[in-house]
Amino acid sequence: MTEATNATTTEIPGYKAGTWVLDPSHSEVSFSVRHMMISKVRGTFDVKSGTIVAPENPLGVRVTASADVASVNTKDEGRDAHLRSAEFFDAENHPTLDFVSNGARLVDGDFLIDGDLTIRGITRPVTFEVEFGGFGTDPWGNYKAGATAKTVINREDFGLTWNAALETGGVLVGKDVTITLDLQGSFQE
């Protein structure tokens, strides 16, 4: 990515203006959170849907995306059931995690997408730092794009407050959660 001479536009080699649709089979939402204050637990959610409307200037990009809460996978069935329960994500009443962008910007060469993240029915502003993986045409003639986006949230800001005190001090689950989006999209028009 190269910055243009002014801060209101940017150029990305291979970028095409138009509508892009996320490919759920090549995209994933992952997270990591401190466990017992000594290690991290990692998990994933399946991408349910996602659309990127990309104008000529990438800084005008608009993103809407949704992940399936019931798909949570931390490699522990008991923990996954607990995460789906009303004590955490309450998947029955809040079946998706949703993101809607409201702007993009360049800061010191980093491409940032600002927007609203909704978890458990609570919406908060977040900023994802985006790293473009590139663009290319697959063997079937589809033009694809890849990117990774990361942010850190305080889970308690989204009503995810369940925890347990440890005998040795501290708590079972940390507050800060790193969210990583590994995304691949197909150009539609």
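The values are calculated or read from the model by the stated rules, or taken from the named source; none is laboratory data. Just so it is clear, the structure is predicted and the values come from calculations on it, not from any experiment. Reconstructed Cβ throughout: ideal geometry from the backbone, glycine too, with neighbour counts over all protein chains shown. Note: accessible area is taken over every heavy atom of the protein model, side chains too, but ligands, DNA and RNA are not part of it. Shrake-Rupley method; radii C 1.70, N 1.55, O 1.52, S 1.80 Å.
Taking all protein chains together and rolling a 1.4 Å probe, E131 ends up with roughly 130 Å² accessible. Once you've got the GNM for the chain with C-alpha springs shorter than 10 Å, pick whichever of T127, T137, T148 has the biggest mean-square fluctuation. Per the Cα network of the chain with a 10 Å cutoff, T137 tops the list. From its DSSP helices (H runs of at least four residues, each -39,500 (n - 2.57)), the chain gives a residue-normalised ellipticity at 222 nm of -1000 deg cm²/dmol. Need one word for region 19-103: rounded, prolate or oblate. Basis is the Cα gyration tensor (sqrt eigenvalues a ≥ b ≥ c); a/c below 1.5 gives rounded, then a/b vs b/c decides. It comes out prolate by the Cα gyration axes. When +1 charges are put on Lys and Arg Cβ atoms and -1 charges on Asp and Glu Cβ atoms, the dipole computed for region 113-172 relative to its Cα centre reaches about 120 debye.
Taken over the chain, lysine pairs spaced eight or more positions apart, or on distinct chains, with alpha carbons under 25 Å apart number 12. Note on the chain: with neighbouring protein chains present and a 1.4 Å probe, carbon and sulfur make up 50 percent of its accessible heavy-atom surface. In the frame of its principal axes, region 94-140 has Cα extents of 39, 35, 13 Å, reported largest first. Computed from backbone phi with θ = phi - 60° and the Karplus coefficients 6.51, -1.76 and 1.60, the 3J(HN,Hα) list for region 62-71 is 10, 10, 10, 8, 9, 10, 8, 4, 5, 7 Hz; x is used for glycine and proline.
Using a probe of 1.4 Å on the protein chains alone, the accessible area found for H35 is around 50 Å². Across region 49-86, the residues whose backbone nitrogen lies under 17 Å from the label position 7 Å along the beta-carbon direction of H35 are 72-85. Report, in whole Å, the centroid distance computed from the Cα atoms of region 86-111 and region 10-29. Between the Cα centre of region 86-111 and that of region 10-29, the gap is 17 Å.
Solvent exposure of the chain, expressed per residue, is 54 Å² of accessible area, with all protein chains present and a 1.4 angstrom probe. Volume per residue for the chain equals 127 cubic angstrom (convex hull of Cα atoms).
Here the calculated FRET efficiency for E56 and T123, from their Cβ-Cβ distance with R0 = 22 Å, stands at 0.15, rounded to the nearest 0.05. Site pair E156 and S186 shows an inter-label distance of 4.4 nm when each label is modelled 7 Å from Cα along Cα→Cβ.
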